[in-house]
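The structure appears below as structure tokens.
The values are calculated or read from the model by the stated rules, or taken from the named source; none is laboratory data. The shown structure was predicted, so the numbers you read here are calculated from the model rather than taken from an experiment. Cβ placement follows ideal geometry from the backbone for every residue including glycine, while neighbour counts extend to all protein chains displayed.
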Amino acid sequence: MGRSTNIPKSVPVWRNFQSVDCVVRHKGNKKRMSFTIVGIGASAGGLESFSELIARIPAGDPAEKPHRPVDVLFHSLAQQRGPNAIGIILSGSGSDGAKGIQAIKQAGGITFAQDESSALFFGMPSCAIKIGCVDFILAPKEIAQELIRISRHHT
């Protein structure tokens, strides 16, 4: 455990990474942001390992306004891909993603939400469903089947 033996302890590892600059548009406002992209590769057991890794990373300053990364992602997807966008809300607590999935639907895209019987936490799917912008309410296995069906009709 610990640091890789290939990296000297004196090297501030995070400062060596290149950051990506982007402009985020939200409600007509532009905000310039810079962030580091971290690629993670895994195979068998990877989802469990990834979940454990993410669970150990702090969510940020709780004094800041609520962080809604799914809404940001879906708004960007709706803006960039319009009617070719597909948004999927899976198990999660809170309401992140509901407004973003609405943007995808308004842009003519296709939207999914995980059904209550298969979701560990139904908050996120429930909020999206209540807005009335979800095309399909299915278990993940059925979402995958529908994505395959859709892909065959769009090629």
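Numbers at a glance
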| read-out | value |
| --- | --- |
| Flag for SER117 being polar (S, T, N, Q) and under 14 Å from the mean Cα position of the chain (by Cα) | no |
| Where GLY82 falls short, out of the listed (1) modelled with pLDDT of 70 or more; (2) surrounded by 10 or more Cβ atoms within 10 Å (Cβ to Cβ); (3) not assigned by TED's automatic domain parsing to the domain that holds ALA98 | (3) |
| Filter result for GLN102 (without any contact (Cβ under 8 Å) to a residue 12 or more places away in the chain and over 24 Å from ALA55 (Cα atoms)) | no |
| Check on VAL38, over 30 Å from ILE137 (Cα atoms), under 15 Å from the mean Cα position of the chain (by Cα), at pLDDT below 65 and not assigned by TED's automatic domain parsing to the domain that holds PHE136 | yes |
| Residue satisfying all of: in region 88-99; without any contact (Cβ under 8 Å) to a residue 40 or more places away in the chain and assigned to a loop (DSSP other than H, G, I, E, B); farthest from PRO69 (Cα to Cα) among these | SER91 |
